[in-house]
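Notes follow the structure.
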Amino acid sequence: MLKNNPVMKKLVETGEERIGKIAQQLLSNDKFVATVQTLVSRSLAAKGTLDAALRSALSAMNLPSTEDLKQLRSRVEDLEQVLTSVESKLDTLLDERKK
């Protein structure tokens, strides 16, 4: 019902227009953009510090980190490929002996 209301449509259009103008003004303000960039940069640095602290804590508790698990998974996948290759070669050799 409200979607078809012309007054609501006008309010939404006006609101969208004003928000668009405000966003454009903010993005054209060098100081605002610099502040946002600084905040993003500091947030990423804080995340890096937190990640390092978590890795250190996990290591102290003798628990694997996500990176440790990724490396282990990669090694297991490599071993699976080697085993598949060895099995294939053994099958080939056994087939040749049967002939």
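For this structure, a couple of remarks:
- Qualifying residue in region 8-26 (condition: of a type outside the set (S, T, N, Q) and touching a helix residue (DSSP H, G or I) at 6+ places or on another chain (Cβ under 9 Å)): yes
- Residues in region 40-71 that are part of a helix (DSSP H, G or I) and over 20 Å from the mean Cα position of the chain (by Cα) were compared, and the one that is surrounded by the fewest Cβ atoms within 10 Å (Cβ to Cβ) is Ala60.
- Conditions (1) surrounded by 10 or more Cβ atoms within 10 Å (Cβ to Cβ); (2) at pLDDT below 95: number failed by Gln37: (2)
- Test for Ser74: is it of a type in the set (Gly, Ala, Ser), in a helix (DSSP H, G or I) and modelled with pLDDT of 95 or more: yes
The values are calculated or read from the model by the stated rules, or taken from the named source; none is laboratory data. Remember, it's a predicted structure, so these values are computed and weren't measured experimentally. Please note: Cβ atoms are built from the backbone with ideal geometry, for glycine as well, and neighbour counts cover all protein chains shown.
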